[in-house]
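Structure record follows, encoded as structure tokens.
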Amino acid sequence: MLVKSWLRIVIAAVIALAVFPGAAGASPPPGRTPVVFFPGYGLTRLDVTVDGQTTAPGCPRSGSFGSWFANDHPSAEFGQVCQDRLLTLHYDPDPAKPMPARFSYPPGVTVHVAGYGRTDSAPAYEPLYRALEASGYRRDHDIRVAGYDPRLTPDLDGFLERTRRLVEDTYRENGDRPVHLAGHSNGPLYAQYLLTHTTRAWRDKYIHGFTPFAGNLPGQGLLYPTMFTGLNIQDFGTPKTAENARSSALMYLSAPSTYMSASDPAVFGDREVVVQDTSTGRSYTPRDYRRLFADAHLPVAGELADHYLGFVKFTDPRSFPGVDVYAEKGSGLPTSVGARLAGLPPGQVVDAGAFLTRDGDGNQEDITNEAVLAWRSMPCHRFSLTDNPGVDHFALPGHHAALDRLLTHLGQPRTSCRER
């Protein structure tokens, strides 16, 4: 989900396009299996409209801006701090309301996916689209994109209905061919939610299989310090000023997806330190999240963490996806999983030396990327997890070998489990 510099993904895309103009030796059969792709965090183009807002004094009352990684037309009117403040969710703690009804954007702020369903809604994945095109696929016909607002969890904003409709439309518009789901980073969380919130009959009719590229299924440790340091989606870098660090940290603290994407104590336990408080000498692991938020005097964060940590279920048999799965991961790269902080107030400016690392793909740690092995116990359906040593997290969806395998799997018939 997180990277240190936008250059990594740009370089990865350029390399993939230069070295790999198309996948060789793995042509789908006539009547190609259509693909619906779920982008990673912050890689969906969002249009934000502001109409008469009064929540953020000093920021424009009306106007618009775009929010996504490497936005090539960043707003000159809305600075980063104003964008953060206007994208900070309001939370109503009323226990009589179901959790999905408690979140809202500030009055006068609306957010929607630009070009929902189209490949231009997630432009960072050009290497993947071009590889599919080289094998006969057509953008926006048998390649569709299920983008989403990254601050929201898949129980919000009509995600389930909208995505189910996109899959069904893709199925019908491609000769009633079952659809293959693919996703990168946080995207597989949303795909898995779809698979576990539809019926077996629906999956048997509409789904061919599922390819998660480094799926962030159990979350990652770095989200915990992000709630204190912030992160700018424009360049995926940590803020350089205290004002920006505070506006960004408060935005992440307000977003349910932050907690969904943070390492789940049920999977991680105390295997990694996610925050070290240098002012007290205390270290916090995922298992210590309640103490972390209590010590930071962030009771709402504790409440949201109780609900959303491990929100997308996947490890128990009742939460297996029930389709063929062909997972991909990278490994062998130093990966930030936590940070040393000077106390626990939100809004801290940190440098690269503050981060704690372990093995991973440069963005997600080994614990995260290997948790999908729980699906080896899935009855009937195929499962594989392929390691790509030395391949960076953001290069993985454009890596030639991974794309060769994707095309091979698209050309295979799905497993028949009618005897279940």
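The values are calculated or read from the model by the stated rules, or taken from the named source; none is laboratory data. Computed from a prediction, not measured in an experiment: that's the story for all the values here. Don't worry about glycine lacking a Cβ; one is built from the backbone with ideal geometry, like all the others, and counts go over all protein chains shown. Keep in mind that these areas ignore ligands, DNA and RNA; they rest on the heavy atoms of the full protein, side chains included. Shrake-Rupley method; radii C 1.70, N 1.55, O 1.52, S 1.80 Å.
If you go through the stretch 77-99, how many residues are part of a loop (DSSP other than H, G, I, E, B) and either of a type in the set (Lys, Arg) or in contact with a strand residue (DSSP E or B) (Cβ under 9 Å, 6 or more places away or on another chain) (or both)?
Filtering the stretch 77-99 for residues part of a loop (DSSP other than H, G, I, E, B) gives 77-79, 87-89, 92-98.
Narrowing the set further to residues that are either of a type in the set (Lys, Arg) or in contact with a strand residue (DSSP E or B) (Cβ under 9 Å, 6 or more places away or on another chain) (or both) leaves 77-78, 87, 89, 92, 97.
Of the residues in the stretch 77-99, 6 are part of a loop (DSSP other than H, G, I, E, B) and either of a type in the set (Lys, Arg) or in contact with a strand residue (DSSP E or B) (Cβ under 9 Å, 6 or more places away or on another chain) (or both).
Which pairs do you get when a residue that is without any contact (Cβ under 8 Å) to a residue 24 or more places away in the chain, found in the stretch 302-314, comes within reach of a residue that is in a helix (DSSP H, G or I), reach meaning Cβ atoms under 7 angstrom, with the pair 6+ apart or on two chains?
Gly302/Arg290; Gly302/Phe293; Gly302/Ala294
So, Arg271, is that one of a type in the set (Lys, Arg) and either buried (at least 22 other Cβ atoms within 10 Å of the Cβ) or without any contact (Cβ under 8 Å) to a residue 12 or more places away in the chain (or both) or not?
Details: of a type in the set (Lys, Arg): yes; either buried (at least 22 other Cβ atoms within 10 Å of the Cβ) or without any contact (Cβ under 8 Å) to a residue 12 or more places away in the chain (or both): no.
When the stated conditions are applied, Arg271 does not pass them.
Checking Cys380 against (1) open to solvent by 40 Å² or more (accessible area, probe 1.4 Å); (2) assigned to a helix (DSSP H, G or I); (3) of a type in the set (A, V, I, L, M, F, W, C); (4) in contact (Cβ under 8 Å) with a residue 40 or more places away in the chain, which test does it fail?
Cys380 satisfies all of (1) open to solvent by 40 Å² or more (accessible area, probe 1.4 Å); (2) assigned to a helix (DSSP H, G or I); (3) of a type in the set (A, V, I, L, M, F, W, C); (4) in contact (Cβ under 8 Å) with a residue 40 or more places away in the chain except (2).
Looking at the stretch 185-200, is at least one residue farther than 20 Å from Ser319 by Cα and open to solvent by 10 Å² or more (accessible area, probe 1.4 Å)? Explain how you work it out, then say what you get.
Filtering the stretch 185-200 for residues farther than 20 Å from Ser319 by Cα gives none.
Within the stretch 185-200, not a single residue is farther than 20 Å from Ser319 by Cα and open to solvent by 10 Å² or more (accessible area, probe 1.4 Å).
Quick check, is Ser257 in a loop (DSSP other than H, G, I, E, B), in contact (Cβ under 8 Å) with a residue 24 or more places away in the chain and either among the small types (Gly, Ala, Ser) or open to solvent by less than 10 Å² (accessible area, probe 1.4 Å) (or both)?
On the way: in a loop (DSSP other than H, G, I, E, B): no; in contact (Cβ under 8 Å) with a residue 24 or more places away in the chain: yes; either among the small types (Gly, Ala, Ser) or open to solvent by less than 10 Å² (accessible area, probe 1.4 Å) (or both): yes.
Spelling it out, it is not the case that Ser257 is in a loop (DSSP other than H, G, I, E, B), in contact (Cβ under 8 Å) with a residue 24 or more places away in the chain and either among the small types (Gly, Ala, Ser) or open to solvent by less than 10 Å² (accessible area, probe 1.4 Å) (or both).
I want to confirm something. Restricting to the stretch 360-377 and keeping residues that are under 15 Å from Asn216 (Cα atoms) and open to solvent by 40 Å² or more (accessible area, probe 1.4 Å), which single residue is farthest from the chain's Cα centre (by Cα)? Lay out the reasoning, then the answer.
Residues of the stretch 360-377 under 15 Å from Asn216 (Cα atoms): 360-375.
Adding the requirement that they be open to solvent by 40 Å² or more (accessible area, probe 1.4 Å) leaves 370, 373.
Working: Glu370: 16, Leu373: 19 Å.
Here the answer is Leu373.
When Gly175 is evaluated against the numbered criteria (1) among the small types (Gly, Ala, Ser); (2) open to solvent by 10 Å² or more (accessible area, probe 1.4 Å); (3) closer than 26 Å to Leu86 by Cβ, which criterion, by number, is the only one it fails?
(3)
Any residue that is of a type outside the set (Lys, Arg), open to solvent by less than 10 Å² (accessible area, probe 1.4 Å) and touching a strand residue (DSSP E or B) at 6+ places or on another chain (Cβ under 8 Å) - is there at least one of those in the stretch 349-359?
Our first condition is that a residue be of a type outside the set (Lys, Arg); within the stretch 349-359, this holds for 349-357, 359.
Subset that is open to solvent by less than 10 Å² (accessible area, probe 1.4 Å): none.
No, the stretch 349-359 contains no residue that is of a type outside the set (Lys, Arg), open to solvent by less than 10 Å² (accessible area, probe 1.4 Å) and touching a strand residue (DSSP E or B) at 6+ places or on another chain (Cβ under 8 Å).
Name every residue in the stretch 393-411 that is assigned to a loop (DSSP other than H, G, I, E, B) and surrounded by 20 or more Cβ atoms within 10 Å (Cβ to Cβ), in order of residue number.
His393, Phe394, Ala395, His399
Hey, among the residues in the stretch 301-334 that are charged (D, E, K, R) and outside any helix (DSSP H, G or I), which one's most open to solvent (accessible area, probe 1.4 Å)? It would help to see each step written out before you state the result.
Kept after step one, since they are charged (D, E, K, R), are these residues of the stretch 301-334: 303, 306, 313, 316, 318, 324, 328-329.
Remaining after also requiring outside any helix (DSSP H, G or I): 313, 316, 324, 328-329.
On the way: Lys313: 111, Asp316: 43, Asp324: 3, Glu328: 8, Lys329: 20 Å².
Residue satisfying both the conditions and the ranking: Lys313.
Only residues that are small (Gly, Ala, Ser) and under 16 Å from the mean Cα position of the chain (by Cα): list them for the stretch 182-216, please.
At the first step, the residues of the stretch 182-216 found to be small (Gly, Ala, Ser) are 182-183, 185, 187, 191, 201, 209, 214-215.
Answer for the stretch 182-216, where residues must be small (Gly, Ala, Ser) and under 16 Å from the mean Cα position of the chain (by Cα): Ala182, Gly183, Ser185, Gly187, Ala191, Ala214, Gly215.
When you look at Leu250, is it of a type in the set (A, V, I, L, M) and crowded, with 23+ Cβ neighbours inside 10 Å, yes or no?
Values: of a type in the set (A, V, I, L, M): yes; crowded, with 23+ Cβ neighbours inside 10 Å: no.
Against the criterion (of a type in the set (A, V, I, L, M) and crowded, with 23+ Cβ neighbours inside 10 Å), Leu250 does not qualify.
Just one of the numbered conditions (1) open to solvent by less than 10 Å² (accessible area, probe 1.4 Å); (2) over 30 Å from Ala401 (Cα atoms); (3) part of a loop (DSSP other than H, G, I, E, B) is not true of Ala339; which one?
Unmet condition: (3).
Tell me, which helices (runs of 4 or more DSSP H) lie completely within the stretch 141-238 with 2 or more residues that are within 30 Å of Pro345 (Cβ to Cβ)?
Numbers: elements: 159-172, 187-196, 200-206, 223-229.
In the stretch 141-238, the matching helices (runs of 4 or more DSSP H) lie at 223-229.
If the requirement is being under 23 Å from Asn244 (Cα atoms) and modelled with pLDDT under 95, which of these qualifies: Ala296, Ala342, Ala352? Quick ask: steps written out before the conclusion?
Numbers: Ala296 fails: modelled with pLDDT under 95; Ala342 fails: modelled with pLDDT under 95.
Only one candidate passes the filter, namely Ala352.
Among the numbered conditions (1) of a type in the set (Val, Ile, Thr); (2) touching a residue at least 24 places away in the same chain (Cβ under 8 Å); (3) farther than 19 Å from Arg203 by Cβ, tell me where Thr357 comes up short.
With (1) of a type in the set (Val, Ile, Thr); (2) touching a residue at least 24 places away in the same chain (Cβ under 8 Å); (3) farther than 19 Å from Arg203 by Cβ applied to Thr357, the lone miss is (2).
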